[in-house]
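Just so it is clear, none of the values below were taken in a lab; they were calculated from the coordinates. Source: prediction; values computed, not measured. Reconstructed Cβ throughout: ideal geometry from the backbone, glycine too, with neighbour counts over all protein chains shown.
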């Protein structure tokens, strides 16, 4: 082992000092200055002959902390806006709705490539919905091709609504009721 690998902890004091005394990009102040009201020095503090004005120092410290809080709040709003722009809203699913699951659950077997598999598998039925947590319990549908009894708890962002590839020739809602009745019949 080299010397630096054995003595890294000797440099820890310098690293912590550097972190505590570097201006923070968001607040615009060094953490030490926000906490104690003055910059940290490696030299010992010798009292000066001048009397300290505690009230004005406390007021200046409070103003710095308020300015830092405003900067943090502004930055937090900017980060939230950036997140909201780059992420779409989750779709809410109801119990009984048919969905597709991204990635799917496949058996692990050697020497089988899955490059050409579809992005989504299913359809599955939503058995339980925890909308406040954006988690859904999905179950396989008995009677579907390749049926295996399957239940999983998944995040809402990996689900998509199932749309049948069979064109809907009926003009009423009878077709939807018939499909649901058929699925219920297959599961019983």
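For 8, 17, what's the fewest-to-most ordering of other Cβ within 10 Å of each Cβ?
The fewest-first ordering by Cβ neighbours comes to 8, 17.
Based on the Cβ-Cβ distance of residue 128 and residue 57, what FRET efficiency does E = 1/(1 + (r/R0)^6) give at R0 = 45 Å, to the nearest 0.05?
The value I calculate is 0.15.
Sticking with the crude label model, points 7 Å out along Cα→Cβ, report the distance from residue 89 to residue 163 in nm, one decimal please.
Taking the simple label geometry, residue 89 and residue 163 are separated by 1.9 nm.
Hey, fewest Cβ within 10 Å first, where do 15, 138 land in order?
Ordered from fewest to most neighbouring Cβ atoms within 10 Å, 15, 138 come out as 15, 138.
Could you please rank 130, 55, placing first whichever residue has the fewest other Cβ atoms within 10 Å of its Cβ?
55, 130
Please work out the FRET efficiency for the pair residue 151 and residue 69, using the Cβ-Cβ distance as r and a Förster radius of 45 Å; give the result to the nearest 0.05.
0.45
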